[in-house]
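Below: the structure, in structure tokens.
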Amino acid sequence: EKNYKVPIISAYYDSEHISSYLTNYCTKFTSPWAKLYRTSIISKFHITFNENICHGEDTIFLYDYILHAGAIETKTSCGYFYACDIEGSLSKKPKGLTQYIEIINMLNGRIHDMEIKYNWDGQRASIILTEYFLSRYIRQLLKGDKFYKEKVNDLQILLKMSYIRQVMRDNHYIVKGRKRIIFDWLAVHGFYRLAIFILYIYAQMGMII
């Protein structure tokens, strides 16, 4: 119903300047479509989509490619149109806690590798991408039919991850509403049962977080 354009600037990034590309687009334009790849690079380094996950595999594929790319060029031309809301899309299907943890670890691992290779600060990217998957899982907890104790246990497991704690403590890169701020504070300070109870109250009132 609405059209959105992804703002891209025509530019050429050689290996010494790929860090600039990462700063500008690392979290904004990670889908595999609307791009041209060198087949020789994909074949040589065996870059494939991870079939064991159903979300985040596009971004992981792109980061794996960037780690072996000698240069990247961007164009302003709109040569591709994508339907964003597709019924039955894998990205819209609920995922279990184990898969969320796997995706977050894999993405942050790639970010760490790109930081080393391209002398790039990936903290912002790490927080934004981790928050994307964390917020999706929180909404699953809010609406899901898991038992109360299971939700508490899931939250405890999540808070063992340094990436999750970093996001919940962040007040610089992510804009949070009051309900989310309360939830994050409770979780970070170990009030897991109360945090989940708050989600239950929000759900009963038809609120989102």
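The values are calculated or read from the model by the stated rules, or taken from the named source; none is laboratory data. This structure is a prediction, so every number in the text was calculated from the model and none was measured. A quick note on method: Cβ atoms are made from the backbone with ideal geometry, for glycine too, and the neighbour counts reach across all protein chains shown. Ligands, DNA and RNA are stripped out before the accessible areas are found, and what is left, the full protein with its side chains, is counted by its heavy atoms. Shrake-Rupley method; radii C 1.70, N 1.55, O 1.52, S 1.80 Å.
Rounded to the nearest 500, the helix-only mean residue ellipticity at 222 nm of the chain stands at -16500 deg cm²/dmol, with each DSSP H run of n ≥ 4 adding -39,500 (n - 2.57). Within the set Lys28/Lys117; Lys35/Lys146; Lys95/Lys149; Lys2/Lys75, which residue pairs have Cα atoms separated by over 28 Å? Flagged as over cut-off: Lys35/Lys146.
Mean projection of the Cα convex hull over all viewing directions, computed for the range 96-209: 6.8 nm².
Probing with 1.4 Å while keeping every protein chain in the model, the per residue accessible area of the chain equals 63 Å². Dipole of the chain, Cα-centred, from +1 at each Lys and Arg C-beta and -1 at each Asp and Glu C-beta, to the nearest 20 debye? It comes to approximately 740 debye. Spatially, the range 100-146 and the range 16-37 are offset by 17 Å when compared through their Cα centroids.
If R0 is taken as 35 Å, the Cβ-Cβ distance between Thr23 and Phe197 corresponds to a FRET efficiency of 0.30.
Working note: Cα atoms of the range 1-60, range along each principal axis, descending, whole Å: 38, 31, 18.
Using a Gaussian network model of the chain in which every pair of alpha carbons under 10 angstrom is joined by a spring, one finds that among Lys160, Lys35, Lys44 the greatest mean-square fluctuation is at Lys44. Computed on the chain, the Cα convex hull volume stands at 145 Å³ per residue.
Summary value for the chain: 20 percent relative contact order, contacts being C-alpha pairs under 8 angstrom separated by 6+ residues. For a quick check of understanding: with a 1.4 angstrom probe and all protein chains in place, what accessible area in square angstrom does Cys26 have, to the nearest ten? Approximately 10 Å² for this residue. Just the protein heavy atoms count here, and of the accessible area of the range 91-209 at 1.4 Å, carbon and sulfur take up 55 percent.
The tail of the calculated P(r) for the range 92-159 beyond 15 Å holds 57 percent of all Cα-Cα pairs. Projecting the Cα atoms of Thr27, Ile41, Thr98 onto the dipole axis of the range 1-145, where Lys and Arg carry +1 and Asp and Glu carry -1 at the beta carbon, places Thr27 farthest toward the positive end.
For Phe197, the accessible area of its heavy atoms, probed at 1.4 Å with every protein chain present, is near 90 square angstrom.
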